[in-house]
Structure formats: C-alpha cells, structure tokens
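What follows is calculated from the coordinates using simple rules that are stated; it is not laboratory data. Fair warning: this is a prediction, and the values are worked out from it, not measured in the lab. Cβ: placed from backbone, ideal geometry, glycine included. Neighbour counts: every protein chain shown.
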Amino acid sequence: MTHAQQIHLVRRPQGMPVAADFAQVEASVPELAADEVEVEALLVSVDPYMRPRFNADQALAAVMPGGGIGRIARSRADALPEGTLVKHGGGFQSRFVAPARTVARLDADPALPLSAYMHVLGGTGLTAWGGLLHTGALQEGERVLVSTAGGAVGSVAAQIALIKGCTVAGLTGSDEKAAWLRDIAGIQAINYRTGKLSDAIAAALPEGIDVYFENVGGNQLDAALPLMRLNGRIPVCGMISGYNGDGPGVHNLFNMIYKRLRMEGFVSTDFQSAQAAFQSEMSGWIKAGKMHWQETIVEGFERIPEAMIALLNGENAGKMLVRVAV
Ligand SMILES: NC(=O)c1ccc[n+]([C@@H]2O[C@H](COP(=O)([O-])OP(=O)(O)OC[C@H]3O[C@@H](n4cnc5c(N)ncnc54)[C@H](OP(=O)(O)O)[C@@H]3O)[C@@H](O)[C@H]2O)c1
C-alpha cells in the first residue's frame with residue numbers, strides 16, 4: 001500500500017504559531033473507487049487566511065485543507081488520465097485520493113512556470129483583480145494605496161492599478177521588497193517600518209487616496225483613513241496584522257462619515273463567475289510584460305510549518321509556496 005505524509009495542526013497557537021503546533025503524520029493511501037483519482041502533490045500553497053482558522057475552525061489532528069497543484073498518479077476517471085496536471089484543495093498532504101470532480105484539470109502554458117498558476121494566474125490574481133476592479137470600483141486615473149504591496153495579492157493589486165492609469169503607492173515591510181516594487185514593478189514604495197507612516201503616504205499621494213486596497217488593518221488602516229478622499233472606497237481583502245490576535249487597534253474610523261467612505265469585505269470566490277474575463281485580461285498583461293511577480297518557494301513537504309511561520313513573519317517576497325515534488 002502507498003503511504004502519504006500529512007501536516008496536522010495538533011495544538012491551537014498562542015499568538016505567532018511555533019513548530020510544535022504542527023506535526024507530520026504518515027497515512028496510508030486507499031485503493032481507488034470508480035471515478036476517483038490519486039493526486040501526487042507538486043506545489044502547495046501556504047496562505048495567511050489559514051491562521052485565523054487555527055483558533056477554532058481547523059480541526060486538530062486532521063489534514064489542513066488548502067490549495068495546490070498536483071499530478072494524477074493513478075486514475076479511475078477517464079477524463080483525468082495518469083500524468084494530468086490538476087489544481088486541487090487537498091491541502092497539506094503529499095498524495096491523496098479524491099473524487100475526480102473535486103480536482104480541476106490544469107492546461108498550463110509551457111512558456112510559464114507552473115507556479116504562476118498558484119498566484120498571478122490563480123486565486124491570488126483573481127482576488128487582486130476582483131477586489132480592486134469590482135469591490136473597489138477602481139476608476140482610471142485615481143489615487144490608490146495598497147498594503148502588503150510586496151506580497152502575493154498586494155503586488156498584483158498595485159500593478160493592476162498602475163496598468164489602469166492610477167497613481168499608486170504600496171506599503172511593505174522591508175527595503176528589499178520596497179526596492180523590487182520601485183525598480184521592477186514601477187510602484188512608489190513605502191517601508192512602513194521606517195518613519196511616520198501617515199507622512200510617508202501623504203508625500204506619495206499628496207492629493208489623498210481614492211481607493212485603499214486593505215490587506216493589513218490596524219495602524220496601516222488608521223494611517224490611511226484620514227487621507228481618504230470624498231467618496232473613497234476601501235475594499236477589504238485581509239487584515240493580517242490581527243491574525244495572531246495581538247494586532248494594534250483602529251481609532252480613525254470616524255473619517256468614514258463626512259468623507260462618505262465605503263468599506264466592503266470580499267473573498268476571491270465572489271469573482272468566480274468572472275474567471276474567464278480575469279484569465280483573459282491577466283494573460284494579456286503577462287504577455288505584454290506589464291505584470292511582474294515574485295515567489296518564495298520553500299523546498300520540501302516537511303517544511304510546510306516553517307513556511308507558514310515565515311509567511312506570518314513577512315519573510316516571503318511575493319507568493320509563498322512549498323515544493324513537494326517536481
Ligand atoms: N479575501 C480573500 O479572498 C483573500 C485571498 C487571499 C489573500 N487575502 C488576504 O490578503 C493579504 C495578503 O495575503 P497574501 O496571500 O498575498 O500574502 P502575502 O502578502 O504574500 O504575505 C503576507 C505578508 O503580510 C505581511 N505581514 C505579515 N504580518 C504582518 C503584520 N503583523 N502587519 C503588517 N503586515 C504583515 C508581510 O509582508 P510585509 O513584509 O510587507 O509586512 C507578509 O509577507 C492577507 O491579509 C490575506 O488574508 C485575502
């Protein structure tokens with residue numbers, strides 16, 4: 001019988017997760033029933049949204065769900081023969097059996113790295129595109145602030161705003177990420193760890209902010225609120241500064257009243273029906289050389305917990321992925 005490795009959450013983290021909150025467990029892979037496939041994991045996504053789930057929703061001593069790209073190792077489904085590449089939600093396991101209808105065939109462009117389908121051409125890109133253009137109702141020529149702009153979603157959102165003819169500034173946590181944003185992506189970058197944040201944002205966007213693409217919350221939201229323009233929008237993608245339960249509070253929400261601000265949360269699946277439009281627009285930008293991306297690939301299934309902790313410490317540049325097999 002084939003065996004697989006799984007990563008389980010075995011203890012609810014107190015604040016920042018530590019390695020002992022996770023365990024690697026060996027499991028046997030069952031025989032296939034009709035219309036089932038066995039997927040061998042190639043790339044596994046490690047995401048910030050997982051952290052709040054550790055507090056209650058994620059069952060202990062069970063496989064942690066999440067997105068990935070895999071290859072069909074065995075099949076009893078005609079549509080997915082052995083060797084087919086698929087996208088799946090199988091999470092932190094090196095191989096697993098699933099009904100064929102729960103995985104999606106991936107027809108990857110050989111000119112692009114497979115990993116691109118885990119971010120710029122995947123859920124990350126869709127999140128940035130939908131959040132900015134639909135929820136944020138971005139208009140050409142507006143003034144846009146993006147937080148976690150050196151990360152996966154943020155870097156795509158900032159570049160879409162630039163492509164749409166906006167004036168863009170991005171907040172990020174290191175000089176290296178700021179340099180990439182400036183030199184490669186062409187975005188005004190602010191290292192939020194240095195200097196007074198509100199002064200730096202006001203200098204980059206002297207006419208104020210029409211759209212603040214929110215990924216952090218806490219003191220970054222607080223700094224942005226007084227600088228918002230009349231009828232400004234704050235599409236809320238994430239609030240990572242609070243995910244470990246120890247983030248700073250927000251005091252400037254009263255600015256929403258007279259500035260007539262609209263703040264609205266969204267999740268990537270809200271834009272699923274617009275997938276074709278997203279794929280077409282994003283592929284065009286990539287082919288035209290207008291979209292740049294970074295990724296941090298940690299090698300080895302056993303390093304998934306390490307990658308998760310590094311992500312929450314801001315050690316990733318662009319999308320954080322774990323390579324399980326090639
Ligand atoms: N709504 C949705 O459907 C959806 C989908 C995907 C992601 N998201 C959200 O989008 C945001 C970015 O996710 P991502 O996958 O693209 O990850 P990412 O930005 O690639 O990585 C996370 C980054 O967050 C920053 N960070 C970590 N802790 C922080 C803190 N305490 N304060 C400020 N910044 C902190 C770090 O960058 P710095 O070095 O810049 O601090 C880190 O690199 C997250 O809030 C996530 O929850 C939402």
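For trypsin sites (Lys or Arg not before Pro), the sites in region 197-263 that DSSP calls loop and that have at most 15 other Cβ atoms within 10 Å are R260. Since only S283, M308, V326 are under comparison, the one whose Cα sits farthest along the positive direction of the charge dipole of region 269-326, derived from C-beta charges on Lys, Arg, Asp and Glu, is S283.
For the chain, the dipole from Cβ point charges (+1 on Lys and Arg, -1 on Asp and Glu) about the Cα centre works out to 580 debye, to the nearest 20. The Cβ shell under 15 Å around V29 holds other residues with a net charge of -2, Lys and Arg each +1, Asp and Glu each -1.
Length available on full extension from E299 to L112: 0.36 nm per residue minus the Cα-Cα distance, which gives 65.4 nm. A dipole drawn for region 123-270 from +1 and -1 charges on Cβ atoms has a positive end, and of F213, T172, L230 the residue lying farthest that way is L230. Along the positive direction of the dipole of region 1-93 (beta-carbon charges: Lys, Arg +1; Asp, Glu -1; about the Cα centre), which of L43, P13, G68 reaches farthest? Value computed over the given set: P13. Summing Lys and Arg as +1 and Asp and Glu as -1 over all other residues whose Cβ lies under 11 Å from the Cβ of I240 gives a net charge of -1.
Compute the separation of the alpha-carbon centres of region 299-319 and region 113-191 and state it in Å as a whole number. Each part's Cα centre sits 21 Å from the other's. Gain on full extension, evaluated as 0.36 nm per residue between T102 and R12 minus their Cα-Cα distance, stands at 29.5 nm. Within 14 Å, Cβ to Cβ, of V267, how many net charges do the neighbouring residues add up to if Lys/Arg are +1 and Asp/Glu are -1? After counting each charged neighbour, the total is -3.
Could you list I190, I309 so that the one with the fewest beta carbons within 10 Å of its beta carbon is first and the one with the most is last?
With the sparsest Cβ surroundings first, the list reads I309, I190.
Based on Cβ point charges of +1 for Lys and Arg and -1 for Asp and Glu, what charge dipole magnitude is obtained for region 123-270 about its Cα centre, in debye rounded to the nearest 20?
Dipole size: approximately 240 debye.
Dividing the mean sequence gap of close Cα pairs (under 8 Å, 6+ apart) by how many residues the chain holds gives a relative contact order of 18 percent. Evaluated over the chain, the count of Lys pairs having alpha-carbon atoms less than 20 Å apart is 8 (only pairs 8 or more residues apart or interchain). Label sites at L60 and N313, each approximated as a point 7 angstrom past Cα along Cα to Cβ, lie 2.5 nm apart.
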